[in-house]
Amino acid sequence: METDLLIIGAGAAGLSAAVGAWEAGCRDILIADRRAHLGGVLEQCIHTGFHGDLTGPEYAALLSCSLRDTGVSLQLETEVLSVSQSREAVLSSRKGLERVTFSQMILASGCRERPLGALDITGARPAGVYTAGEAQEMMNLRNEDPGENILILGSGDLGMIVARRCFLRGKRVIAVLEQAETYTGMAKNYHRCMETHAIPLRAGCTVTELHGEGRLRGVTVRELDSGSEEFIPCDTLLLATGLIPEQTLVSHLGNPPWLHLAGNCNRVHDLADSAAAEGRSIGLEIGKK
Amino acid sequence: MKRYDAIVIGGGLLGCFTARNLRRWDLSTAVLEAREDVCTGISRANTAVVYPGYDHKPGTLKAALTVSANRDFDVLCRELDVPFSRCGSLMAACGPKGEAVLRRKFRNGQENGVPDLQLLGRDELLALEPELTPDVTLGLYAPTAGTVNPWALGIAAMENAAQNGAALDRNAPVTSITEDSGGYIVETENETFSCRAIVNCAGLRSVAVQELCYPSPVQLRITAGDYLVLDSLTSHSPKHIVQFEPEQGKGLTAVPTVEGNLLLGPSERPGVDFGTTRDGLDFVRSLTRQVLPQVDLNDTIRTFAALRPNPERPDGSSIRSFVIDRPAERFWSFLGVKTPGMTCADALGLHVARELAGALQVNKNPAFQPVRNGIVQARNLDFEARRRLIAETPEHGEVVCCCEDVTLAEIHAAIKAGATTVDGVKRRVGATMGRCQGSRCRLKIEALLREEAGHGN
């Protein structure tokens, strides 16, 4: 199969890139995404604040609508296995394996979360440690609880939003821990998520060690200034310690002129709107060619 | 009460390979594993090296077994369908003490019959492995050294044993052993077995298990070691196994694993559980910076600790050889087998199985089938083969673990093969081992495990 423009990822950036490229005149566009629905990670972001005050799924629906009147092709539940220097991608789905050759490609694959193993946290590896995004998926898509007594490491937007979500599900959020001197997400989120629900922020500290066999029993928290350490009992630790642009698929390619990165795989954006705007402008530019 | 000719206590590498080899004879065999899965104790974590055989004194069982096991490792891994990388090892020294160690190992290796060993000067060494620090002065090159995934190997051996009729009981910690009319009664928490002979492969608990029935000639001192695992995309990973022999203190091993990651470690310290320590990890990091200065430790995706049993005589002196005790005519104990236990696991299993078959005077099992077929993994196939696989089994088209390219069909196969936890799935098909460490697929795998468990009920 051939296409002018292959877009990998149907999140905010990928969908916006497709619409932009279509508007600019490109008539042969294919989007591939591993999920079953359009919108990428927006699906699990059920809080408001997207594109004004929409929820993530609402914003995903809005972006999907703008695609409706275009002739952009979609391949959902499709994994892109590889992309080669000769402009050929291999796509896998239950329908089969196929090669797609393309003229231009936009990678809009979002980001991944920094896992526990990448953090300087020692000790046991008990159950009850999740990334913030995993916790969001559990609560918002699977109706599961990550735990009862929850500590959150990292006070970026994701950490604070997940803290509120745990609180609203009736869980005890012991604190949000932050290495920096204060929260690192947006002030709006601090007020809405933390202050409103009286969730404590503990700045200037970090988790150094996990304890527990089977299930997490508690963590050692170190004050970075004084170096003093304290054991905090908890059954759940959520890691909101950073997002890494997901560029694995193209890491071997260098910087060929046909490859364009849009959204969080390019750099981590604070707002989905900003990722969408970047996608759209790249789409508009490429679509003209 | 279930009756077997032989009961193997412990389903680590040694237990799995002992069971496999017992089935070469006409011996009904069961493995009793205390935990939820095989290879979850000592075997769940080690340096993953298949040693060439120059580390041990000429004339010892360890030296002879290691050299012959290394020679046979390609055949073993082909039989068991386990990936094996014979990448070769480079032992490097930066000063006179290290050089003396290398020269001694070189002489040992030559006497032991290790093929193609070479001492390399600085320039030759750096030409072969440019990632090494330019401070190196001498290298010992062993092209026959290799690496294998310890769980993959142990699980394959157990599956092969099972396909040849061996039974496996999990969650079955042995609580008592008593002599009974020439054989034994073995009790676990839930069941009682009778058998004609016992092979104790209980690893960390091997002395405790022997002491359920007999005194032990040795005690185990348990030590721990910390390791780092780096992303498969990390640059400046060495192409060979690198073993650094420092001027003082403990060295470092760096292994380019069969999965494509870089494994660094271990530290050595007291410890009785699998928790990592800061000092241990810092030790590994600091030696890595010294030996492989270009390696970017920010690419670390996982840290873990391993446990090692160190057999000691009652006076506290350490024992270097494999301890295979036979406190009674029909009772064998592997007491504190450590490095190179993985390299020699099949050979050690065969050694004891042969003695046991002799003691019970049984015949060879003519139906023994040494070949085991592992789970087909789409990622190992070329385009056409993978396309055909998906056409036959559409669930191979759906990738669940995107970092390691593991499909839904493979997860199902892992569960069918006995995985009851995400870790069990990881050990069978590699899901969650990649750079996101399962943050994008663990929940899905947990749901699949629950679904399968539901079907079973």
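Checked against the criterion of being more than 20 Å from A:Ala17 (Cα to Cα) and more than 14 Å from every other protein chain (Cβ to nearest Cβ), the candidates A:Ile46, A:Ile31 yield just one match: A:Ile46. Only one of the listed residues (A:Ser93, A:Ser109, A:Ser103) is surrounded by fewer than 16 Cβ atoms within 10 Å (Cβ to Cβ) and under 30 Å from A:Pro257 (Cβ atoms). That residue is A:Ser103. Can you find a residue in the stretch B:413-431 that is among the aliphatic types (A, V, I, L, M), within 14 Å of chain A (Cβ to nearest Cβ), free of Cβ contacts under 8 Å to residues at least 24 places away in the same chain and not in a loop (DSSP other than H, G, I, E, B)? No. Looking only at residues that are β-branched (Val, Ile, Thr) and assigned to a helix (DSSP H, G or I) in the stretch A:1-41, which one is most open to solvent (accessible area, probe 1.4 Å)? Ranking the candidates gives A:Val41 first. Being exposed (fewer than 14 other Cβ atoms within 10 Å of the Cβ) and part of a loop (DSSP other than H, G, I, E, B) holds for only one residue in B:Ser286, B:Ser321, and it is B:Ser321. When only residues in the stretch B:61-90 that are part of a loop (DSSP other than H, G, I, E, B) and touching a Lys or Arg at 6+ places or on another chain (Cβ under 8 Å) count, which is surrounded by the most Cβ atoms within 10 Å (Cβ to Cβ)? The qualifying residue surrounded by the most Cβ atoms within 10 Å (Cβ to Cβ) is B:Cys87. I'm trying to understand the selection: among the residues of the stretch B:91-132, which are open to solvent by 90 Å² or more (accessible area, probe 1.4 Å), within 24 Å of B:Ser237 (Cα to Cα) and in a helix (DSSP H, G or I)? Those that are open to solvent by 90 Å² or more (accessible area, probe 1.4 Å), within 24 Å of B:Ser237 (Cα to Cα) and in a helix (DSSP H, G or I): B:Arg122, B:Asp123, B:Glu124. When the stretch B:349-390 is filtered for residues that are within 14 Å of another protein chain (Cβ to nearest Cβ) and polar (S, T, N, Q), the ones remaining, listed by number, are B:Gln377, B:Asn380. For the stretch B:297-318, the tally of residues that are loosely packed, with under 14 Cβ neighbours inside 10 Å and within 14 Å of chain A (Cβ to nearest Cβ) stands at 1.
A quick yes/no check of all residues on (1) over 30 Å from A:Thr122 (Cα atoms); (2) in contact with a strand residue (DSSP E or B) (Cβ under 6 Å, 6 or more places away or on another chain):
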site	(1), (2)
B:Asp299	no, yes
B:Glu312	no, yes
B:Ser318	no, yes
B:Val323	yes, yes
B:Arg330	yes, yes
B:Thr343	no, yes
B:Ala347	yes, no
B:Val352	yes, yes
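Criterion applied to A:Glu88, A:Glu77 was being in contact with a Lys or Arg (Cβ under 6 Å, 6 or more places away or on another chain) and closer than 24 Å to B:Ala378 by Cα, and the one residue passing it is A:Glu88. Put simply, of A:Val72, A:Val100, A:Val90 the only residue that is within 11 Å of chain B (Cβ to nearest Cβ) and within 25 Å of A:Gln247 (Cβ to Cβ) is A:Val90.
The values are calculated or read from the model by the stated rules, or taken from the named source; none is laboratory data. What you see is a predicted model; the values in this text were computed from it and never measured. Note that each Cβ is placed from the backbone with ideal geometry, even for glycine, and that neighbours are counted across all protein chains shown. Ligands, DNA and RNA are stripped out before the accessible areas are found, and what is left, the full protein with its side chains, is counted by its heavy atoms. Shrake-Rupley method; radii C 1.70, N 1.55, O 1.52, S 1.80 Å.
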